[in-house]
Amino acid sequence: MSMQNPVYNLPARALHWLVLGLLAVQYIGAQILPEGEDGGARTAPAAGSLVDWHMSLGVLIGLVIVIRLAWRVTWKAPAPPENQPAWQEKAASLTHLALYGLLVLIPLAGWAWASALSWTVTLFHTLSLPPLVAAGTWPDLFGNLHALMGNLMLAAVGLHLVAALWHQFVLRDGLLRRMWPRRNG
């Protein structure tokens, strides 16, 4: 690989793919939640239920995002390719900003929603989070925000994927290799 397209370091790549994997599991789980187990019943989820797992995975995603953001601010990402047009660089920056913002806001909205429903949010029953808002505080608003931002995340991930595939198969500029898992770290 040329010095023009240096790769992201191993922690950045590992956190990227870990977040993607967790999001995929989280999204699939959210799609198969049984009717009445999605907050519509307004009763606390049973331990081990899909909603319970969904909330735990949300906490885990939130923790991983904190680590990823800490890594991102302490380690400088490789520069964009020299020949990349300014509009593409701006679009990439805005998409990354949207992804990071949603990765922070979606778990917070879910936590607020659960708190508004008087549900206890835990990390796989090992760490209980305090309520984020008082019980009864706008549960419909937080639930709708959580769902809306989940759909926006799906769109942002789709845009990110399309851009990566465009670089790989149309521009053939090797940009995808910067984040692709490697054997030699």
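A few remarks follow.
- Restricting the range 1-13 to residues that are among the hydrophobic types (A, V, I, L, M, F, W, C) and under 21 Å from ARG68 (Cα atoms), the residue that is modelled with the lowest pLDDT is VAL7.
- The range 14-52 - residue that is at pLDDT below 95 and under 29 Å from PRO181 (Cβ atoms) and, of those, surrounded by the most Cβ atoms within 10 Å (Cβ to Cβ): ALA30
- Candidates ALA77, ALA91, ALA134 - the one that is touching a residue at least 12 places away in the same chain (Cβ under 8 Å), exposed (fewer than 15 other Cβ atoms within 10 Å of the Cβ) and over 30 Å from MET179 (Cβ atoms): ALA134
- Some residue of the range 118-133 being touching a helix residue (DSSP H, G or I) at 6+ places or on another chain (Cβ under 9 Å), in a helix (DSSP H, G or I) and not β-branched (Val, Ile, Thr): no
- The residues on offer are TRP53, TRP71, TRP113, and the sole one that is under 21 Å from LEU10 (Cβ atoms) and either in contact (Cβ under 8 Å) with a residue 12 or more places away in the chain or not in a helix (DSSP H, G or I) (or both) is TRP71.
- Among the residues making up the range 125-146, a single one is hydrophobic (A, V, I, L, M, F, W, C) and at pLDDT below 95: LEU127.
- For ILE65, the conditions (1) outside any loop (DSSP other than H, G, I, E, B); (2) surrounded by fewer than 17 Cβ atoms within 10 Å (Cβ to Cβ) all hold with the exception of (2).
- The set of residues in the range 134-158 that are part of a helix (DSSP H, G or I), over 18 Å from VAL25 (Cβ atoms), out of contact with any Leu (no Cβ under 9 Å at 6 or more places or on another chain) and of a type in the set (A, V, I, L, M) comprises LEU141, LEU148, ALA155.
- Some residue of the range 112-120 being touching a strand residue (DSSP E or B) at 6+ places or on another chain (Cβ under 9 Å) and crowded, with 16+ Cβ neighbours inside 10 Å: yes
- In the range 160-180 there is no residue matching the filter, namely being out of contact with any His (no Cβ under 9 Å at 6 or more places or on another chain) and within 21 Å of LEU63 (Cα to Cα).
The values are calculated or read from the model by the stated rules, or taken from the named source; none is laboratory data. None of the values given here were measured: they were computed from a predicted structure. Quick reminder, even Gly has a Cβ in these numbers, built from the backbone with ideal geometry, and neighbours come from all protein chains shown.
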